[in-house]
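What follows draws every value from the coordinates through simple rules; no lab data is involved. If you're wondering where the values come from, they're calculated on a predicted model, not measured in any experiment. Please note: Cβ atoms are built from the backbone with ideal geometry, for glycine as well, and neighbour counts cover all protein chains shown.
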Ligand SMILES: [Zn+2]
């Protein structure tokens, strides 16, 4: 054991790493303990073309394929992971989830025809307050696993969206759509984009992003992948 490895092991014993899902001490696992790992409520959407995720977008915007990695839960491991990713500065949790989410869809070649991964953007003020965009963390993990590049300079959030709850669905979509800017003059001709978000609830944000992209690049193909899907 060299000095550096010895030092690392001393530090590890002084500050044992804990599981990001249940806060129990980890032995040799990375980030999540085996129990938490196996308790993740995987959706298996990627195995079914018409699933609960894609149903969200029927009649709203054409997508090639869509899936969420896990089902959202307001408690337990899922809540813990998403909370730490969004509010506790744990960017690496998003990267970790991205890699796991990429691995699970490998058997159906989910990424085989995807050219670019684009995360749903945050307004730059919000991003500087949070320190990063949690959707970018997920995109980074997917990208590292699949070797497909991700880009954060194509789709930008230009307006902080006010409370949407009192607006009609159409008003909401128009409002959200206007709040995104798509960089023109990038060669996206016939390209297949994978739009990624953290949690899909009504699908309004992803729908607006897809519509904003298709407005500037009408022949672009869009698929979607999120960390989680909420129960409605
Ligand atoms: Zn755990």
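Out of segment 189-200, which residues are surrounded by fewer than 20 Cβ atoms within 10 Å (Cβ to Cβ) and more than 13 Å from the chain's Cα centre (by Cα)? Walk me through how you get there before you give the answer.
The initial filter retains those residues of segment 189-200 that are surrounded by fewer than 20 Cβ atoms within 10 Å (Cβ to Cβ), namely 189-192, 199.
Selection gives 189, 190, 191, 192.
Hey, residue 24 hits all of (1) in contact with a helix residue (DSSP H, G or I) (Cβ under 6 Å, 6 or more places away or on another chain); (2) within 16 Å of the ligand (Cβ to nearest atom) but one; which does it fall short on?
Just one mismatch for residue 24, condition (1).
Could you check segment 74-94 and list, in sequence order, the residues that are under 18 Å from residue 229 (Cα atoms), in contact (Cβ under 8 Å) with a residue 24 or more places away in the chain and more than 16 Å from the ligand (Cβ to nearest atom)? Quick ask: steps written out before the conclusion?
Going residue by residue through segment 74-94, those that are under 18 Å from residue 229 (Cα atoms) are 74-86, 93-94.
Filter once more, so that each one left must be in contact (Cβ under 8 Å) with a residue 24 or more places away in the chain: 76-78, 80-82, 84-86, 93-94.
86, 94, listed by residue number.
Would you confirm whether or not segment 101-115 contains a residue that is within 20 Å of residue 18 (Cβ to Cβ), touching a residue at least 24 places away in the same chain (Cβ under 8 Å), touching a strand residue (DSSP E or B) at 6+ places or on another chain (Cβ under 7 Å) and assigned to a helix (DSSP H, G or I)? Working first, answer last.
As a first pass, look at segment 101-115 and keep what is within 20 Å of residue 18 (Cβ to Cβ): none.
Within segment 101-115 (the criterion being within 20 Å of residue 18 (Cβ to Cβ), touching a residue at least 24 places away in the same chain (Cβ under 8 Å), touching a strand residue (DSSP E or B) at 6+ places or on another chain (Cβ under 7 Å) and assigned to a helix (DSSP H, G or I)), the answer is no, since none of the residues qualifies.
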